[in-house]
Amino acid sequence: MVESKLLNLQKQEQEQSGEKTGSDDFDSPWHALLEKNAVNIEDLEKNFKIDEKKLKEVISVYPMFVNSYYFSLIKEKSDAIYRQCIPSKEELHDNLEDDPLLEELQSPVPNLIHRYPDRVLFLISNKCAMYCRFCTRKRKVGKLFIIKRMDIERGIRYISEHKEIRDVILSGGDPLMLEDNELENIIKRIYAIQHIEIIRIGTRVPCTLPQRITPKLCSMLKKYHPLYINTHFNHPDEITDEAEDACNMLANAGIPLGNQTVLLKGINDKPEIMKKLVKKLLEIRVKPYYIYQCDMVKGVNQFRTSIETGLKIIKALRGFTSGMAVPHYVIDTPGGKIPLLPEYVVRKDKKKIILKDYKGNIYDYIECC
Ligand SMILES: *Cc1c(COP(=O)(O)O)cnc(C)c1O
Ligand code: SF4
């Protein structure tokens, strides 16, 4: 298996050796879109009447960066896009903890979280195309979260020394904020490890900076199959023509695409909005994978909803639309993700189970033995 993976890679490299190689294209459009913060405090005060002093206070604790593409999606103050990227004073007023999922404690080497038996989460980038106000890694992202070359080396060594790991999830920050060659250097080495069966990338870029998905990136990524990407759309307004193009390019490179949504108060906590989102995701060839209950993380309390809200959303999806569109609704804990389901079992006894369908009709299922 490993031999064939490597042979395959060599073959593809030979095929490509005729193509243009070498340096990253620093004047590609995505670099330009990231060049400067699309918002500054004076604009916010002028356009959206935000209190400058309070804003500065928030930004000094949790930095703000929005690229000009994502910023252009804002239609009005406090819409779903605005609330995801523009700071609010509530960020400084809660008693929650920075790292309730104990990620730091579960990192045997810096920036590598080994929580589950056969897979690890490997943080390889400290940057994002924007800083989401609800980020679960708000304690690190955009702050003094530096990933040293040494940390990457130690992470790769840890993975190669632990044969039980078969699945590596690259995360951050956003791994696609690395240059193509930096990213490839990491992926290539993980791919070459004998016991690694699949690589996954967790990235918000198809949503927040779709211009980052280029033909060059796709032709690099497709050398490392089976490679999966889980992206992160939270609202139907994020599914633009640009996002659709980005997802199509990735899908055409043979990369299966999943989506992880965070359930966010005032943004996507209504069944109609979620239904529209999951249907549009399937149209752009992205399979809804998870809806996360918003974590109990310091600075994001204003986005938390009740659990009942999440269950109502799942109830409104299951049966009413394609099963393919229905994600797992999960709460993350230091022990892992825990799925929650609306109640479909009315009663269960030794011989039979009484079930309720999505319309509320009751059915019996008799056990075979
Ligand atoms: C979410 C997560 C994973 C991956 O979980 P899957 O259910 O396999 O997608 C792995 N490690 C950590 C620490 C995670 O938070
Ligand atoms: S892109 Fe992901 S890691 Fe970066 S700020 Fe947003 S949620 Fe956090």
*Which value, in Å² and to the nearest 10, is the accessible area of Lys298 when all protein chains are kept and the probe is 1.4 Å?*
70 Å²
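In square nanometres, what is one fourth of the surface area of the convex hull spanned by the alpha carbons of the range 153-233?
With every direction weighted equally, the projected area is 5.2 nm².
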_Please compute the Kirkwood hydrodynamic radius of the range 47-172 from all pairs of different C-alpha atoms, in Å with one decimal._
16.6 Å
_On the Cα set of the range 230-314, report Rg and Dmax in Å, please._
13.5, 39
*In whole angstrom, note down how far apart the Cα centers of the range 207-268 and the range 88-150 are.*
21 Å
*Please say if the range 315-359 is rounded, prolate or oblate, where rounded means a/c under 1.5 for a ≥ b ≥ c the square roots of the C-alpha gyration tensor eigenvalues, and otherwise the choice is prolate for a/b larger than b/c and oblate otherwise?*
oblate
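Rank Lys138, Lys216 by accessible area, highest first, at a 1.4 Å probe radius?
Per-residue accessible area, sorted high to low, gives Lys216, Lys138.
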*Across Lys89/Lys275; Lys54/Lys77; Lys46/Lys298; Lys265/Lys337; Lys265/Lys315; Lys36/Lys77, pairs whose alpha-carbon gap is larger than 26 Å*: Lys89/Lys275; Lys46/Lys298
_So if I restrict to the alpha-carbon atoms in the range 201-272, what is the Rg, and what is Dmax, the biggest pairwise distance, in Å?_
12.9, 41
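Note down the relative contact order for the range 123-281 as a percent, whole number, built from C-alpha pairs under 8 angstrom at least six residues apart.
Numbers: 224 pairs, mean separation 31.8, N = 159.
Reported as a whole number, the value is 20 percent.
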*Rounded, prolate or oblate: which one fits the range 279-361, using the alpha carbon gyration tensor with axes a ≥ b ≥ c (rounded when a/c is under 1.5, else prolate when a/b beats b/c, else oblate)?*
oblate
_Give me the 1.4 Å probe accessible area per residue for the chain, excluding ligands and nucleic acids, in Å²._
50 Å²
_For the range 224-369, alpha-carbon Rg relative to the globular expectation (2.2 N^0.38 Å, N residues)_ = 1.20
*How large is the dipole of the chain about the Cα centre if only Lys and Arg carry +1 and Asp and Glu carry -1, each at its Cβ, rounded to the nearest 20 debye?*
1100 debye
_Whole-percent carbon and sulfur share, accessible surface of the chain, 1.4 Å_ = 53 percent
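Just the projected area, averaged over all directions, of the convex hull on the alpha carbon atoms of the range 122-196: how many nm²?
The orientation-averaged projected area of the Cα hull of the range 122-196 comes to 5.2 nm².
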_Sum of -39500 (n - 2.57) over DSSP H runs of 4+, divided by residues of the chain (222 nm, nearest 500)_ = -9500 deg cm²/dmol
_Residue list for the range 293-328, given a label point 7 angstrom along the Cα-to-Cβ vector of Lys265 and an amide N cut-off under 18 Å_ = 293-313
*the range 60-104 - convex hull of the alpha-carbon atoms, volume per residue in Å³*: 120 Å³
*Would you list, by chain and number, the lysines whose Cα falls below 19 Å from the Cα of Lys163, excluding same-chain residues fewer than 8 positions away?*
Lys5, Lys188
*Kindly report, to the nearest 10 Å², the accessible surface of Glu343 as traced by a 1.4 Å probe over protein heavy atoms only.*
120 Å²
*About the Cα centre of the range 288-369, how large is the charge dipole given +1 on each Lys and Arg Cβ and -1 on each Asp and Glu Cβ? Please answer in debye to the nearest 20.*
140 debye
*asked:* Given R₀ = 51 Å, what would the calculated FRET efficiency be for Lys350 paired with Glu97, taking r from the Cβ atoms and rounding to 0.05?
replied: 0.70
*Express the relative contact order of the chain as a whole percentage, based on alpha carbon pairs under 8 Å and six or more residues apart in sequence.*
14 percent
*Just going by the charge dipole of the chain, with Lys and Arg at +1 and Asp and Glu at -1 on Cβ, which of Pro236, Thr305, Leu264 is farthest out on the positive end?*
Thr305
_Can you compute the modelled spin-label distance between Arg189 and Glu35, with each label point 7 Å from Cα toward Cβ, in nm?_
3.3 nm
*Between Lys89 and Arg166, with labels modelled 7 Å along Cα→Cβ, what's the label distance in nm to one decimal, could you check?*
5.4 nm
*Quick one, what does Rg over Rh come out to for the chain if you take C-alpha atoms and the Kirkwood Rh?*
0.98
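The values are calculated or read from the model by the stated rules, or taken from the named source; none is laboratory data. Given the structure is predicted, the values throughout are model-derived calculations rather than measurements. Reconstructed Cβ throughout: ideal geometry from the backbone, glycine too, with neighbour counts over all protein chains shown. Surface accessibility is based on the protein's heavy atoms, side chains included, excluding ligands, DNA and RNA. Shrake-Rupley method; radii C 1.70, N 1.55, O 1.52, S 1.80 Å.
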